[in-house]
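The values are calculated or read from the model by the stated rules, or taken from the named source; none is laboratory data. Keep in mind that this is a model prediction, so the values were computed, not measured. Here the Cβ positions follow ideal geometry from the backbone for every residue, glycine too, while neighbour counts run over all protein chains shown.
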């Protein structure tokens with residue numbers, strides 16, 4: 001059993017829910033800086049947000065894929081905003097709903113000047129998928145930063161974790177995308193991810 005660190009983990013600034021948007025006209029004012037979170041349904045996005053902010057119920061955690069159907073905005077005290085984008089992938093929803101999610105996400109990436117970076121949530125047991133690559137391409141095309149969290153890494157052996165980390169870094173190296181292992185359950189990589197998110201927000205929106 002691993003020993004817990006005796007050094008307390010730095011607290012994330014107080015984070016609170018702002019609003020949910022079902023259409024671009026409902027997005028909050030496009031000012032300041034915000035970091036968006038996206039990922040396949042059931043990749044662990046809500047758990048990652050909760051772990052990073054130190055709030056157990058900031059984002060809804062569900063065993064049913066596709067529960068996040070809106071763009072959810074959260075205020076980070078003195079820093080900016082976090083944005084929880086709808087999950088994509090294998091959620092069992094009608095095609096019309098799936099198309100609506102895609103349009104909403106695409107509108108967000110195309111319109112938000114305050115977007116500083118995208119944190120892409122990827123299940124480490126699956127690795128980067130085709131839709132994950134599309135998400136990265138969207139945000140990189142805007143000249144924004146991107147960062148990959150390989151979640152649920154506690155479910156891998158050390159060798160498996162090292163392999164998926166190396167493979168993902170190799171796939172992202174030319175685009176300058178950061179990659180790290182992460183586990184909300186085990187607390188692995190939380191401090192490193194917090195530091196990255198805060199750095200992105202302090203840099204504001206705009207090109208890399």
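Considering segment 75-93, the residues that are modelled with pLDDT under 90 and touching a helix residue (DSSP H, G or I) at 6+ places or on another chain (Cβ under 9 Å) include one that is surrounded by the fewest Cβ atoms within 10 Å (Cβ to Cβ), namely 93.
Just one of the numbered conditions (1) under 16 Å from the mean Cα position of the chain (by Cα); (2) closer than 27 Å to residue 69 by Cβ is not true of residue 191: (2).
Taking first residues from segment 162-188 that are in contact (Cβ under 8 Å) with a residue 60 or more places away in the chain and partners that are in a helix (DSSP H, G or I), the Cβ contacts under 7 Å between residues at least 6 apart in sequence or on separate chains come to 182/48; 182/153; 182/193; 184/47; 184/48; 184/50; 184/51; 185/154.
Here 11, 29 are screened, and the one residue that is free of Cβ contacts under 8 Å to residues at least 12 places away in the same chain and farther than 21 Å from residue 102 by Cβ is 29.
If the condition is being in contact with a helix residue (DSSP H, G or I) (Cβ under 9 Å, 6 or more places away or on another chain), modelled with pLDDT under 75 and more than 14 Å from residue 121 (Cβ to Cβ), then segment 50-63 contributes 56, 57, 58, 60, 62. Of all the numbered requirements in (1) at pLDDT below 95; (2) within 27 Å of residue 13 (Cα to Cα); (3) touching a helix residue (DSSP H, G or I) at 6+ places or on another chain (Cβ under 6 Å); (4) outside any loop (DSSP other than H, G, I, E, B), residue 72 misses one, and that requirement is (3). Only one of the numbered conditions (1) surrounded by fewer than 17 Cβ atoms within 10 Å (Cβ to Cβ); (2) out of contact with any strand residue (DSSP E or B) (no Cβ under 7 Å at 6 or more places or on another chain) is violated by residue 156, and that is (1). For residue 66, indicate whether it is modelled with pLDDT of 90 or more and assigned to a loop (DSSP other than H, G, I, E, B). Answer is no for this residue.
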